[in-house]
Amino acid sequence: TQFKAALMGSAQPNPDLTVYQQGAGRLDVGRAISQTLTAQPASLSLGVQQWPHTDDQPVTKTVTYHNGGGTDLTLSLSIGGRAPDGTAAPAGMFTLSASQLTVPAGGQAQVTLTVDTRVGGPDGRYSGDLVATAGDTRVGTPIGITKEAESYNLTLTFIDRNGGPGDADALLQGTDEATHSVVEFPYDPSGTVTLRLPRGHYDLHADIPTLTDDPWNPLRSLLAEPALNLTGDTHVTLDARTAKPVTATVPDPTVSSVLAYIGYDHLTPYGDAGTRLWLFALTGVFTDQQGPSLPASQLRGAFMLQWAATDSDGFVTGGPFYSAAEFPVGGLPNGFVRHYTARDLAEVHATYGPIQPGDTGLVGTFALSPLSSGAISAEIPVTLPGSLTLYHTTVDGTRWYTDLTSMATGPEGFPTPDADFTGSAVYQAGRRYQETWASPVFGPAFPVSPSGEGDINRQGDTLNFFPPLYGDGSGHAGGTTTDSGLTTVYRNGTQIAQVPDVAGQFAVPADTARYRIETQATRTGFGGLSSTVRAAWTFRSGHVDGDGFAPLPVMAVQLRPALDANNAAPSGRFTIPVSVQRQPGGSAGAVKQIHVAVSYDDGKTWQPATLQSSGDGWTATVTHPAGGGFVSLRADATDSSGNTVEETIIHAYALNG
């Protein structure tokens, strides 16, 4: 206590900061050692004067000064106060019983401080600084008191499905300007708790378990009141007995429920105030929402359910794999019952390439709520090369995002990610689809991303460059570990940055300029394919207002040869489908020029391919030599706005010997 008093009393406060920002101020150890005067208590927290303030009572505290020196000290005392807005506190709010005090050598003396919030001033947190000086001696005592804004008591009662006190996992969040800083986790073993909160809007939800004969698997009831408006003392009861069950089935008795991701999204100016339950199986789950409704642009339910084949321990063993996603308007419904039929589902037959000999694959798939980017998926093991059948619901044109991760065996025998491919699609109910994953040519790709920010974008005056350099031949984005990388940035023809990596963030001037970003990566793996990938993009870019991410107008030339199971092509005349993929949101124009070239000596010499328009793309015709080896490809394109892309892929695919 004495050390604390010496350090705080001798600290040097910054006059531009409040005590809530700095405490007593910056420590001055030299003064703390040499100064013999201290004050107790070292600071004064005077609590909260509750609203309304018609019955406020002055708060009085005593500060005792201790003189450890051999000479009496005559102190000059002053008190300054600051209102919540930084201006001086109203006159008469902070007063002292004396402006001068003598503290005898080796003794002590006291002064009385009074804080009176009845004198007016805005609601909020007030700070003060009691200062005692005697020559070079200075002791400061920070003071804080809160004049409560309009606030009320909110009493919450949680009841489980048996009618007893609910052992709730609850969260209350403020959702408007006056309350958004409020985050409470209300809990009491009795099931009832009272909070003192500012007037305003809140989101309240609770997961209330009810014990069963199986203590490891209680019933789970998710209850919510997302539009709670606190305008007076209020009592809210969340009663699990009002919640109805969540039940869903698919037309396949060979699969079991493996994931349930259940809740709602509540979009506020300060983020998503909603919640989700994450369960490994859809059993014993109930939902209910109470209180007023909100527009669909602010509140949606969120139900993501998945089924797969499992072993005796409940672990996913493979397909078929079923995924359902629905986002009900109005928020969290009172129960959710769906019995999906084949007519409700899209059937997707996916094949997966070998990627790297010895790798195994994990497939995940998820959908996003219109109001949130939060999602989760079970992981389905798949043999590489191999195939999987997936079924998806299609309510409201759901976009499904899927990823394939190849897992290699690490140096200590543990699985480690080797490559990852991601893509998305919108399906129609009752239809069948064919998809190919992890097939050459591995190069740049720009599919729709869950974030919507783009992989090459600008935020303010920062260029964010995270290109998926190893997308597959079907246009799925791809990434992998690389052996080496190099990225160089040019602005109006002048190099402004270079990093030994295939990604980076680069600060740039605000004014609009023409940029060129070149990147190169090398790696072993992929069966020797795409051993070197080089790409360059040019585009114009200027300052982006706000905190958002603006996707840049970049493109990727997609090369999609039909290869055999060994990722190889025959000798002789061969055609390669060609298309241009634009980064979503990047506003790249129509393609005005495109070229493709082929090399059979790892890029030492190049031969132009013959290009012909074909539907939405082109067909490149080349003539493969006999004798095996690899084919390398080079492509470039220019759009109507002058944006360009250049790609070189060494060992794009193999040749049969």
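The values are calculated or read from the model by the stated rules, or taken from the named source; none is laboratory data. Not measured: the values here are computed from a predicted model. As a convention, Cβ positions derive from the backbone with ideal geometry for all residues, glycine included, and neighbour counts pool all protein chains shown. Just the protein is used for accessible areas: all its heavy atoms, side chains included, with ligands, DNA and RNA removed. Shrake-Rupley method; radii C 1.70, N 1.55, O 1.52, S 1.80 Å.
Values as computed for the structure displayed
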{"item": "Of all residues making up the range 158-170, the number that are surrounded by fewer than 18 Cβ atoms within 10 Å (Cβ to Cβ) and part of a strand (DSSP E or B)", "result": "2"}
{"item": "First in the range 211-240 and farther than 19 Å from N153 by Cα, second anywhere and acidic (D, E), Cβ under 6 Å, 6 or more apart", "result": "L222/D207; L223/D288; A240/D160"}
{"item": "In the range 186-196, the residues that are under 23 Å from N162 (Cα atoms) and either among the charged types (D, E, K, R) or surrounded by fewer than 18 Cβ atoms within 10 Å (Cβ to Cβ) (or both)", "result": "Y187, D188, P189, S190, T192, T194"}
{"item": "Verdict on G81 being modelled with pLDDT under 95 and touching a strand residue (DSSP E or B) at 6+ places or on another chain (Cβ under 6 Å)", "result": "yes"}
{"item": "Residue satisfying all of: in the range 465-474; crowded, with 16+ Cβ neighbours inside 10 Å and part of a loop (DSSP other than H, G, I, E, B); farthest from the chain's Cα centre (by Cα) among these", "result": "G473"}
{"item": "Qualifying residue in the range 289-309 (condition: of a type in the set (F, W, Y) and either within 20 Å of R399 (Cα to Cα) or under 25 Å from the mean Cα position of the chain (by Cα) (or both))", "result": "yes"}
{"item": "One residue from T462, T488 being more than 27 Å from the chain's Cα centre (by Cα), within 26 Å of F539 (Cβ to Cβ), modelled with pLDDT of 95 or more and polar (S, T, N, Q)", "result": "T488"}
{"item": "Residue that is nearest to T71 (Cα to Cα) [pool: residues in the range 117-133 that are open to solvent by 20 Å² or more (accessible area, probe 1.4 Å) and touching a residue at least 60 places away in the same chain (Cβ under 8 Å)]", "result": "D129"}
{"item": "In the range 526-547, the residues that are farther than 30 Å from Q356 by Cβ, open to solvent by 30 Å² or more (accessible area, probe 1.4 Å) and assigned to a strand (DSSP E or B)", "result": "R540"}
{"item": "Residue in the range 273-291 that is touching a Lys or Arg at 6+ places or on another chain (Cβ under 7 Å), in a loop (DSSP other than H, G, I, E, B) and open to solvent by less than 50 Å² (accessible area, probe 1.4 Å) present", "result": "yes"}
{"item": "Search result, residues across the range 316-350 that are over 26 Å from the mean Cα position of the chain (by Cα), surrounded by 13 or more Cβ atoms within 10 Å (Cβ to Cβ) and assigned to a loop (DSSP other than H, G, I, E, B)", "result": "N334, G335, Y340"}
{"item": "Output for the range 351-376, where each listed residue is surrounded by 19 or more Cβ atoms within 10 Å (Cβ to Cβ) and assigned to a loop (DSSP other than H, G, I, E, B)", "result": "G353, P354, I355, Q356, D359, L368, S369, L371, S372"}
{"item": "From A550, A513, A507, residue being of a type in the set (A, V, I, L, M), touching a strand residue (DSSP E or B) at 6+ places or on another chain (Cβ under 8 Å) and exposed (fewer than 14 other Cβ atoms within 10 Å of the Cβ)", "result": "A507"}
{"item": "Leading residue by the ranking (modelled with the lowest pLDDT) among those in the range 415-459 that are polar (S, T, N, Q) and either in contact with a helix residue (DSSP H, G or I) (Cβ under 6 Å, 6 or more places away or on another chain) or open to solvent by 50 Å² or more (accessible area, probe 1.4 Å) (or both)", "result": "S451"}
{"item": "Residue match in the range 301-309 (condition: in contact with an Asp or Glu (Cβ under 7 Å, 6 or more places away or on another chain) and crowded, with 21+ Cβ neighbours inside 10 Å)", "result": "yes"}
{"item": "Residue check, T605 open to solvent by 10 Å² or more (accessible area, probe 1.4 Å) and assigned to a strand (DSSP E or B)", "result": "no"}
{"item": "Residue satisfying condition, being part of a strand (DSSP E or B), hydrophobic (A, V, I, L, M, F, W, C), surrounded by fewer than 23 Cβ atoms within 10 Å (Cβ to Cβ) and modelled with pLDDT of 95 or more, within set A248, A224", "result": "A248"}
{"item": "Residue selected from the range 197-221 under the condition acidic (D, E) and open to solvent by 60 Å² or more (accessible area, probe 1.4 Å), by the criterion farthest from L279 (Cα to Cα)", "result": "D213"}
{"item": "Unique residue being in contact (Cβ under 8 Å) with a residue 40 or more places away in the chain, touching a His at 6+ places or on another chain (Cβ under 9 Å) and not β-branched (V, I, T) when the list is S541, S571", "result": "S571"}
{"item": "Boolean, L17 is over 30 Å from G232 (Cα atoms) and either out of contact with any strand residue (DSSP E or B) (no Cβ under 9 Å at 6 or more places or on another chain) or in a loop (DSSP other than H, G, I, E, B) (or both)", "result": "yes"}
{"item": "Output for the range 52-80, where each listed residue is part of a loop (DSSP other than H, G, I, E, B) and either buried (at least 19 other Cβ atoms within 10 Å of the Cβ) or in contact (Cβ under 8 Å) with a residue 60 or more places away in the chain (or both)", "result": "P52, D56, P58"}
{"item": "Search result, residues across the range 563-579 that are aliphatic (A, V, I, L, M), modelled with pLDDT under 95, closer than 28 Å to S424 by Cβ and surrounded by 15 or more Cβ atoms within 10 Å (Cβ to Cβ)", "result": "L563"}
{"item": "Subset tally (residues that are assigned to a loop (DSSP other than H, G, I, E, B) and open to solvent by 40 Å² or more (accessible area, probe 1.4 Å)) for the range 81-91", "result": "5"}
{"item": "Given (1) open to solvent by 20 Å² or more (accessible area, probe 1.4 Å); (2) more than 16 Å from P13 (Cβ to Cβ), number of the condition L113 does not satisfy", "result": "(1)"}
{"item": "Residue list for the range 475-488, restricted to those being without any contact (Cβ under 8 Å) to a residue 40 or more places away in the chain, over 26 Å from V448 (Cβ atoms) and either open to solvent by 30 Å² or more (accessible area, probe 1.4 Å) or not hydroxyl-bearing (S, T, Y) (or both)", "result": "S484, L486"}
{"item": "Search result, residues across the range 235-245 that are surrounded by fewer than 20 Cβ atoms within 10 Å (Cβ to Cβ), in a strand (DSSP E or B) and of a type outside the set (S, T, N, Q)", "result": "H235, V236, D239, K244, P245"}
{"item": "Test set (1) of a type in the set (A, V, I, L, M, F, W, C); (2) within 19 Å of A260 (Cα to Cα); (3) at pLDDT below 95 - I355 fails condition number", "result": "(2)"}
